[in-house]
1. State the dimensionless ratio Rg/Rh of the protein assembly as shown (Rg: radius of gyration of Cα atoms; Rh: Kirkwood radius).
2. If I model a spin label as a point 7 Å beyond the Cα along the Cα-Cβ vector, how far apart are those points for B:Val50 and A:Glu42 in nm?
3. Say a site is exposed when it is one of the trypsin sites (Lys or Arg not before Pro), sits in a DSSP loop, and has at most 11 other Cβ atoms within 10 Å; what is then the longest site-free stretch of chain B?
4. Calculated FRET efficiency, B:Gln57 and B:Leu113, Cβ-Cβ r, R0 30 Å, to nearest 0.05?
5. Given a 10 angstrom Cα cut-off, can you work out which residue in B:Gly58, B:Gly40, B:Gly16 is the most mobile in a GNM of chain B?
6. PRE reach from A:His76 (point 7 Å along Cα→Cβ): which of the stretch A:13-50 fall under 12 Å by backbone N?
7. I want to verify the translational diffusion coefficient of chain A in µm²/s; compute it with Stokes-Einstein, Rh as the Kirkwood radius over Cα pairs, at 4 °C and 1.567 mPa s.
8. Which log10 I(q)/I(0) values, to two decimals, does chain B give at q = 0.12, 0.15, 0.16, 0.23 Å⁻¹ under the Debye formula with one point per Cα?
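No lab work stands behind these numbers, since they all come straight from the coordinates. These numbers come from a predicted model, not from an experiment. Methodologically, a virtual Cβ is constructed for each residue, glycine included, from the backbone with ideal geometry; neighbour enumeration extends over all protein chains shown.
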Amino acid sequence: DQQVKQNSPSLSVQEGRISILNCDYTNSMFDYFLWYKKYPAEGPTFLISISSIKDKNEDGRFTVFLNKSAKHLSLHIVPSQPGDSAVYFCAASAGAQKLVFGQGTRLTINP
Amino acid sequence: NAGVTQTPKFQVLKTGQSMTLQCAQDMNHEYMSWYRQDPGMGLRLIHYSVGAGITDQGEVPNGYNVSRSTTEDFPLRLLSAAPSQTSVYFCASRRPGLADTQYFGPGTRLTVL
């Protein structure tokens with residue numbers, strides 16, 4: 001039972017354009033959501049998070065949107081840069097306990 | 001600070017062999033976790049610990065043992081390796097209550113033949 005799903009295994013975007021990565025969840029008890037970025041041969045690194053009491057959180061070029069009624073969150077990167085090419089994982093937790101991760105989306109930024 | 005360190009980086013085992021994946025952190029974090037990453041499956045939690053002497057099972061604990069005798073170390077033991085345990089293993093640590101402060105190690109790539 002996959003509680004957090006990233007249905008797009010890969011995404012290709014032109015440099016300078018907007019990248020939108022999507023994530024869906026099924027557990028209504030999740031109250032904290034995170035995005036991690038992973039380069040090859042490295043561990044994931046924290047990118048941005050959002051609490052369930054908010055619907056948007058912004059940090060520089062990165063914005064996360066949360067739609068609780070649809071149980072959907074998205075990560076917007078604008079403008080996209082070559083260094084953004086990586087695998088992105090969304091994750092969720094209930095009560096700051098265990099993190100449940102999605103399958104990941106491989107983002108490729110083309111020059 | 002070294003953060004979260006893992007050894008070895010790579011390991012090849014034969015079916016039935018045992019080994020221990022080492023994980024250490026120098027941030028005095030109470031929470032530590034082990035994940036495995038498989039293609040199309042994302043990161044799945046194997047075992048976790050909320051403090052020295054306290055461990056619990058995650059999503060995929062079968063075939064793995066853990067112990068937490070100190071705050072710094074959280075080794076993962078494979079008692080009898082199986083090809084299904086071929087994966088990349090990540091250790092992570094964080095402070096309690098703040099999920100976004102979770103730091104991951106660089107990973108151990110394990111192949112079981």
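1. Taking Rh as the inverse mean 1/r over Cα pairs, Rg/Rh reads 0.97.
2. 3.2 nm
3. Working: sites that count: B:Lys9, B:Lys14.
Longest stretch, sites excluded: B:15-113.
4. Here the calculated transfer efficiency is 0.65.
5. The residue that fluctuates most here is B:Gly40.
6. Under cut-off, by backbone N: A:18-21.
7. Numbers: Rh = 13.9 Å.
Rounded, D is 93 µm²/s.
8. Normalising to I(0) and taking log10 leaves -0.37, -0.58, -0.66, -1.34.
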